[in-house]
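Report on the following structure.
The values are calculated or read from the model by the stated rules, or taken from the named source; none is laboratory data. In this text the structure is predicted, and so the values were computed from the model without any measurement. Here the Cβ positions follow ideal geometry from the backbone for every residue, glycine too, while neighbour counts run over all protein chains shown. With ligands, DNA and RNA removed, areas are computed over all heavy atoms of the protein, side chains included. Shrake-Rupley method; radii C 1.70, N 1.55, O 1.52, S 1.80 Å.
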Amino acid sequence: MWWRRSSGLITSCLCILLGIVFFVESWGLWRRYLHIGVVGPGGWPVFLSILMIVIATRLIVLESLKRKAIPIPSYRINIHDIRIIRWLLVPCLSVAYTFIARDIGFVIATIVYLAVLMMAFGATKKMSLVIAAVSSTIVTLILYFAFTTVVRIPLPGAW
Amino acid sequence: MTETFVTVFGSPELFLWIIVGVFWGMFIGFLPGIGSSLAMAVALPVLAGFALEQTIVVLISIYTSAVFGASISAILLNIPGMGGNLVTTFDGYPMTQQGKAGEALGAAAMSSFIGTVLACGLLLVVGPSYVKFVLRFGPHELFVVALWGLCISIACAPGSLIKKSFAACLGFILACIGIDILYGVPRLTFGSDRLLIGVTMIPALIGIFGVYAVLKLAAGEKDLMTAVKQKTPKLTILRVLRRGWTWVIMMISTVLGFVIGVIPGTGAIVASFISYGIFRKVSPKREEYGKGCVEGVVAPETANNAVRPGATLTTLILGIPGAVEMVVILAAFNIYGLPCGPTLLLYHPEILEIIFISFMLAGFFALVATWTTIWGWTKVIETPAAYLWPIILLLCIVGTYSIHNNPTDVLVAIGFGLLAFFGERNGFSRIPLVMGMALGPIIEAQLRSALLLEPPQAFFAKPIAVTLFILLIVMFYVFERVLTTRKIVEKGGVRG
């Protein structure tokens, strides 16, 4: 696939884009405090963003000169693979959990979150499901007690 | 010293409180994102009714044992509980994957204890004289020392130099987001109020290590319902003492850690990287580093623990806390009516003796606590990944959320996890990114201070700074080029 061959080039282009974004933002700051000079708030970010652009440009040149594509590591994401669902579930569920816990409460949200993740990671047999449900409940209650009573740290949705 | 000893040991129940403090510190140190400062702050009101000496002993116990706890999570889970344990993951986690978690934990515990004890010896013998030398360090010298940590970490990380440099620059510029340290103006916030607090280190660290590990696991082919069986040798904690070369590593790492710890603003992460980097080059087993070599655990853990007595000494002599943990200790002094400043040791010289005894006791009890619980920890890691890693991810989220009680920190952690995942796939190591974020503020602050105070050419009139800089260039060249770092790494060497 062309995108596999060009992954290095795409990444290098993203790097240069990142450098440009930071340069544009820091250039405004540099101009606003130009009277202070290089020790002003804009000096260091401008220097870094220019350095990023230079390095990214060199990366583009190197990637263009390469004959082979970068070998993809064994943990690649294959769009046709069921593992992509598991991989996507981790960040999406974690974000949802953080916000939903405030509404439905820490205990319920955490038990559901843990159980769903354990199922996604392979606890699909009957016995495994029971272990997942029980362990989710126990861990949640231990955490709730430890954080709210012992350590007194706020939990999402617990205060 | 004898009087202090008698005062400290005058109360038998103190030993019970030390044990409680050690387990408390280890528990908190193990949890990602919480940190030893919180453990100490929570304990302080409870200890206020004790005698001063006993309060200091318990606080130092928590301070020391938290590092032990953090090394446990670094070895078992590949998530450094604190920044200074980052390097321990390079070899500690591969050892866990090979079923040698017990050996790694034993090596970490013993080398931490040895590092603490030897550093305490240095504290008493050369400490005050060395601090007088360090007081001559200005922004130029501190700038070069911070550069040391950065360059060694870049040399140690896998991948091409150019990609590592980009990752470090990215780390630097992410650290710039927020309020400017000198002028107090918003910087790189892109008009967002949420970015005014900047990109804090802890969520980024948890994302880069914790969330990344879960994402990698989720995308991997491994069966998550099986676990690696762990073999814990008998007397595992003493095995590391049998090798003569390991003693050499521990002694040199202690000196390195103490020397760097006394310098304000550098931190354990610099010491552990420099120690690891040096032995990765000179060790007879250098090709095994990064693949589960016990020396790769001993060197950084010794240096990491040797930093603490040095950092404490600087805080006491300068009166300026070098870390948040020191703020809690100075707060304890305040409660007991002691002057917090350079005159503290002048009017209360026994404080240094109390600190010395505290570190020795804390190191010993933390060693015993780790030894007695190694079997339990290895059993925990034998839990199938399908059950264990969702719990670890939950701890990461809760730990991240608890920093500012702000869900944005969780989003930052997840964002960094995704960044680390895609970066690693494309050859960008995570380590320079982390080091850039950790050392960027120090490097920038010292550089700008130096330029504000004197013209740029004044750097060449600073003999200490120039000497350190020349040594840095030579070491970096040797590390990166002459001893064929790249070739060793490309064979499948150091993990990133």
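Each row is one residue, and each column tells you yes or no for (1) modelled with pLDDT of 80 or more; (2) crowded, with 22+ Cβ neighbours inside 10 Å.
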residue: B:Gly267; (1), (2): no, yes
residue: B:Lys281; (1), (2): yes, no
residue: B:Glu295; (1), (2): yes, yes
residue: B:Ala311; (1), (2): yes, yes
residue: B:Pro339; (1), (2): no, no
residue: B:Pro342; (1), (2): no, no
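I'm told B:Ile154 meets every condition in (1) at positive phi; (2) open to solvent by 10 Å² or more (accessible area, probe 1.4 Å) except one. Can you identify the failing condition by its number?
That leaves (1) as the condition not met.
Considering only helices (runs of 4 or more DSSP H) fully contained in the stretch B:420-496, which possess at least 2 residues that are modelled with pLDDT of 85 or more and buried (at least 18 other Cβ atoms within 10 Å of the Cβ)?
B:430-453, B:463-477
Restricting the search to the stretch B:377-407, which residues are open to solvent by 30 Å² or more (accessible area, probe 1.4 Å) and assigned to a helix (DSSP H, G or I)?
Those that are open to solvent by 30 Å² or more (accessible area, probe 1.4 Å) and assigned to a helix (DSSP H, G or I): B:Trp377, B:Lys379, B:Val380, B:Ile391, B:Ile403, B:His404.
Just one of B:Ile79, B:Ile75, B:Ile60 is more than 26 Å from B:Val214 (Cα to Cα) and open to solvent by less than 10 Å² (accessible area, probe 1.4 Å); which is it?
B:Ile60
Does B:Ala74 satisfy being more than 29 Å from B:Ala332 (Cα to Cα), in contact with a Pro (Cβ under 9 Å, 6 or more places away or on another chain), among the small types (Gly, Ala, Ser) and assigned to a helix (DSSP H, G or I)?
So B:Ala74 fits the description; yes.
Six or more apart or on different chains, Cβ under 6 Å: which pairs go from a residue in the stretch B:99-119 that's assigned to a helix (DSSP H, G or I) to one that's of a type in the set (D, E, K, R)? Could you list them?
Correct list of pairs: B:Ala108/B:Glu301; B:Ser111/B:Glu301; B:Ser112/B:Glu301.
Could you tell me which residue of the stretch B:318-327 is farthest from B:Pro264 (Cα to Cα), considering only residues that are surrounded by fewer than 22 Cβ atoms within 10 Å (Cβ to Cβ) and modelled with pLDDT of 75 or more?
The qualifying residue farthest from B:Pro264 (Cα to Cα) is B:Val327.
Answer yes or no: is there a residue in the stretch B:190-204 that is hydroxyl-bearing (Ser, Thr, Tyr) and modelled with pLDDT of 85 or more.
There is no residue in the stretch B:190-204 that is hydroxyl-bearing (Ser, Thr, Tyr) and modelled with pLDDT of 85 or more.
How about the stretch B:362-377: which of its residues are of a type in the set (Ser, Thr, Tyr) and over 21 Å from the mean Cα position of the chain (by Cα)?
Of everything in the stretch B:362-377, those that are of a type in the set (Ser, Thr, Tyr) and over 21 Å from the mean Cα position of the chain (by Cα) turn out to be B:Thr372, B:Thr373.
Name the single residue that is nearest to B:Trp389 (Cα to Cα) among those in the stretch A:85-110 being of a type outside the set (Ser, Thr, Tyr) and buried (at least 18 other Cβ atoms within 10 Å of the Cβ).
A:Val90
If I go through the stretch B:441-474 residue by residue, how many of them are of a type in the set (Ser, Thr, Tyr) and in contact with a Gly (Cβ under 6 Å, 6 or more places away or on another chain)?
Looking only at that region, the number is 0.
Kindly indicate whether any position in the stretch B:357-370 is within 14 Å of another protein chain (Cβ to nearest Cβ), touching a residue at least 40 places away in the same chain (Cβ under 8 Å) and surrounded by fewer than 23 Cβ atoms within 10 Å (Cβ to Cβ).
Checking the stretch B:357-370: not a single residue is within 14 Å of another protein chain (Cβ to nearest Cβ), touching a residue at least 40 places away in the same chain (Cβ under 8 Å) and surrounded by fewer than 23 Cβ atoms within 10 Å (Cβ to Cβ).
Only one residue in B:Leu118, B:Leu170, B:Leu182, B:Leu124 is open to solvent by 30 Å² or more (accessible area, probe 1.4 Å) and at pLDDT 90 or above, so which one is that?
B:Leu118
Given the condition modelled with pLDDT of 80 or more, within 23 Å of the chain's Cα centre (by Cα), at the interface with another protein chain (Cβ under 8 Å from one of its Cβ atoms) and not in a loop (DSSP other than H, G, I, E, B), answer yes or no: does some residue in the stretch A:124-144 qualify?
For the stretch A:124-144, residues modelled with pLDDT of 80 or more, within 23 Å of the chain's Cα centre (by Cα), at the interface with another protein chain (Cβ under 8 Å from one of its Cβ atoms) and not in a loop (DSSP other than H, G, I, E, B): absent.
If I filter the stretch A:23-48 down to residues being open to solvent by 60 Å² or more (accessible area, probe 1.4 Å) and more than 14 Å from B:Cys176 (Cα to Cα), which single residue comes out as nearest to the other protein chains (Cβ to nearest Cβ)?
Restricting to residues being open to solvent by 60 Å² or more (accessible area, probe 1.4 Å) and more than 14 Å from B:Cys176 (Cα to Cα), the top hit is A:Val38.
Please pick out the residue among A:Leu51, A:Leu14, A:Leu65 that is at pLDDT below 85 and either over 24 Å from the mean Cα position of the chain (by Cα) or at the interface with chain B (Cβ under 10 Å from one of its Cβ atoms) (or both).
A:Leu65
Hey, among B:Glu382, B:Glu424, which residue is within 24 Å of B:Thr96 (Cα to Cα), within 12 Å of another protein chain (Cβ to nearest Cβ), touching a residue at least 60 places away in the same chain (Cβ under 8 Å) and charged (D, E, K, R)?
Just a single option satisfies the conditions, and that option is B:Glu424.
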